[in-house]
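The values are calculated or read from the model by the stated rules, or taken from the named source; none is laboratory data. Keep in mind it's a predicted model, so treat the numbers as computed, not measured. Here the Cβ positions follow ideal geometry from the backbone for every residue, glycine too, while neighbour counts run over all protein chains shown. Just the protein is used for accessible areas: all its heavy atoms, side chains included, with ligands, DNA and RNA removed. Shrake-Rupley method; radii C 1.70, N 1.55, O 1.52, S 1.80 Å.
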Amino acid sequence: MIRFGRDVFVDTQRYAKKYVGNGLNCVNCHLDAGRRANSAPLWAAYVAYPAFMEKNLRVDTLAQRIELCFRFSMN
């Protein structure tokens, strides 16, 4: 599951194309596979959630935040 999750993250167009409305992969924004500082890193994102999101004015879990990324940023 961990390898598959990394594969989806790195090659989103191959593994999750039906959920993406454009030609982006997650790594287009989350550089160096989500590890590069100051480029939306994910290596420790789980500790920041649940968090209040100004965009939708509610408290979201990490899973909800990822869903929002697919729904809005990648479509």
### Summary
Once Gln13 and Ala33 are pulled to full extension, the length gained, defined as 0.36 nm per residue separation minus their Cα-Cα distance, is 5.7 nm
### Message
What is the percent carbon and sulfur in the accessible area of the chain, measuring with a 1.4 Å probe over the protein chains and ignoring ligands?
### Response
59
### Message
Can you give me the accessible area per residue for the chain, using a 1.4 Å probe, in Å²?
### Response
76
#### Entry: Loop chymotrypsin sites (Phe, Trp or Tyr not before Pro), the chain (other Cβ atoms within 10 Å of the site Cβ: 15 or fewer; DSSP)
Trp43
### Task
Let me know the shape class of the stretch 5-75, please: from the alpha-carbon gyration tensor, a ≥ b ≥ c as square roots of the eigenvalues, rounded when a/c is under 1.5, otherwise prolate if a/b is greater than b/c, or oblate.
oblate
### Task
Can you tell me the relative contact order of the chain? Whole percent, Cα pairs under 8 Å, sequence separation 6 or more.
23
### Task
Order Asp32, Asp7, Asp60, most accessible first, counting only protein heavy atoms with a 1.4 angstrom probe.
Asp32, Asp7, Asp60
### Summary
Taking a label point 7 Å from the Cα of Leu62 along Cα-to-Cβ, the residues of the stretch 1-41 whose backbone nitrogen sits under 15 Å from it are 2-3, 5-6, 9, 34-35, 41
## Note on the structure
Going residue by residue through the stretch 60-74, the Karplus relation 6.51 cos²θ - 1.76 cosθ + 1.60 with θ = phi - 60° gives ³J(HN,Hα) values, rounded to whole Hz and with x marking Gly or Pro, of 10, 7, 4, 4, 5, 5, 5, 4, 4, 4, 5, 5, 9, 6, 9
